[in-house]
Amino acid sequence: MNRNILYILDLDRTISDVNKVMEITKQVCEELGIDFDQIYKDQQDLQARGTAYSPFKFIADHHSDTEIFKARFCELAANNRLLFPDSADLLKRLNSGGYDYMFLTHGVDDDWQKLKLQAAGLIKKPYVIVKDRYKSRVIAGWVQGNYLKPELDGLHEYEKFVFVDDRGEAFIDFPSQIGAGFLIDRFSKFTEDLKLPKNVIKIKDLSEVNVS
């Protein structure tokens, strides 16, 4: 087990495929008689503005028991249905190498983020849900001298870390002195002249994340 490095992973659009999340949400909504079209419209509107979305308020207003929705969502998401192929491979490499990793995810609704972690089989890993997108500032708060100390159950202190996210603003104020960052650009939305902090590079696929 390598105890000197921590991998910090974003969830949505990095490890989990938001399109698959919405496909399963649609199926559950159709089964429960909930208007998915309104959920999809709201999700698209907020995503275009760079804002996280949760369907739970709408679901709660139109169906009395969100626990039924959650249970069916997890059932349909079994067998890694929410993961990109390269993210499933990255997790396999981390697990087989005995590396510590955690999730640092942005969301407006903790229950929605927890459901996606649970449905992806990742809920037992350490995680932090933040309300804004400037995640490197959160990570910087864990830096003490030459070590990273997240102070989460299951984690300890690390000489270095690797952070992977799909948003450029997640790397603002990135603590480069002990960290390496990977901006995943699956859909070529960033320009070639994008300026990133020291020790942060843009990648197209998670196979480019070094696990060593």
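Each residue in region 1-30 was checked for being over 22 Å from Asp45 (Cβ atoms) and out of contact with any Ser or Thr (no Cβ under 9 Å at 6 or more places or on another chain), and 6 of them qualify. For first residues located in region 138-163 and without any contact (Cβ under 8 Å) to a residue 24 or more places away in the chain, partners that are surrounded by fewer than 16 Cβ atoms within 10 Å (Cβ to Cβ) and lie 6+ apart or on another chain with Cβ distances below 6 Å form the pairs Trp142/Lys149; Glu157/Tyr147; Glu157/Lys149. Residues that are of a type in the set (D, E, K, R) and more than 8 Å from the chain's Cα centre (by Cα) within region 1-23 comprise Arg3, Asp17, Lys20, Glu23, listed in sequence order. Within region 125-161, restricting attention to residues that are assigned to a loop (DSSP other than H, G, I, E, B) and among the aliphatic types (A, V, I, L, M), the residue that is farthest from Ile5 (Cα to Cα) is Leu152.
Name the single residue that is nearest to Gln113 (Cα to Cα) among those in region 54-72 being free of Cβ contacts under 8 Å to residues at least 12 places away in the same chain and small (Gly, Ala, Ser). Taking the candidates together, the pick is Ala71.
The sole residue among Gly141, Gly97, Gly145 that is open to solvent by 20 Å² or more (accessible area, probe 1.4 Å), under 21 Å from Val211 (Cβ atoms) and out of contact with any helix residue (DSSP H, G or I) (no Cβ under 7 Å at 6 or more places or on another chain) is Gly97. A Cβ distance below 6 Å, combined with a sequence gap of six or more or placement on separate chains, defines the contacts here; from region 24-53, residues that are on the phi < 0 side of the Ramachandran plot reach residues that are among the hydrophobic types (A, V, I, L, M, F, W, C) and not in a helix (DSSP H, G or I) in the pairs Ile24/Ala77; Ala52/Val108. Would you confirm, using the coordinates I've provided, whether Val164 is part of a loop (DSSP other than H, G, I, E, B) and among the β-branched types (Val, Ile, Thr)? No, not satisfied. For region 198-206, the condition holds for at least one residue, the condition being that it is closer than 22 Å to Ser87 by Cα, of a type in the set (Lys, Arg), open to solvent by 30 Å² or more (accessible area, probe 1.4 Å) and over 14 Å from the mean Cα position of the chain (by Cα). Just one of the listed residues (Ser54, Ser16) is at pLDDT 95 or above and either open to solvent by 30 Å² or more (accessible area, probe 1.4 Å) or within 25 Å of Val130 (Cβ to Cβ) (or both), namely Ser16. Each residue in region 1-35 was checked for being within 21 Å of Gln118 (Cβ to Cβ) and not in a loop (DSSP other than H, G, I, E, B), and 19 pass. Within region 110-137, the set of residues being under 23 Å from Asp185 (Cα atoms) and open to solvent by less than 40 Å² (accessible area, probe 1.4 Å) comprises Gln113, Lys116, Leu117, Ala120, Leu122, Val128, Ile129, Val130, Lys135, Ser136. Quick check, is Ala88 more than 17 Å from Met22 (Cβ to Cβ) and free of Cβ contacts under 8 Å to residues at least 24 places away in the same chain? Yes.
Flag: Leu76 does not match the condition of being touching a Phe, Trp or Tyr at 6+ places or on another chain (Cβ under 7 Å) and among the aliphatic types (A, V, I, L, M).
The values are calculated or read from the model by the stated rules, or taken from the named source; none is laboratory data. Note that the coordinates shown come from a computational prediction; the quantities given were computed from them, not determined experimentally. A quick note on method: Cβ atoms are made from the backbone with ideal geometry, for glycine too, and the neighbour counts reach across all protein chains shown. With ligands, DNA and RNA removed, areas are computed over all heavy atoms of the protein, side chains included. Shrake-Rupley method; radii C 1.70, N 1.55, O 1.52, S 1.80 Å.
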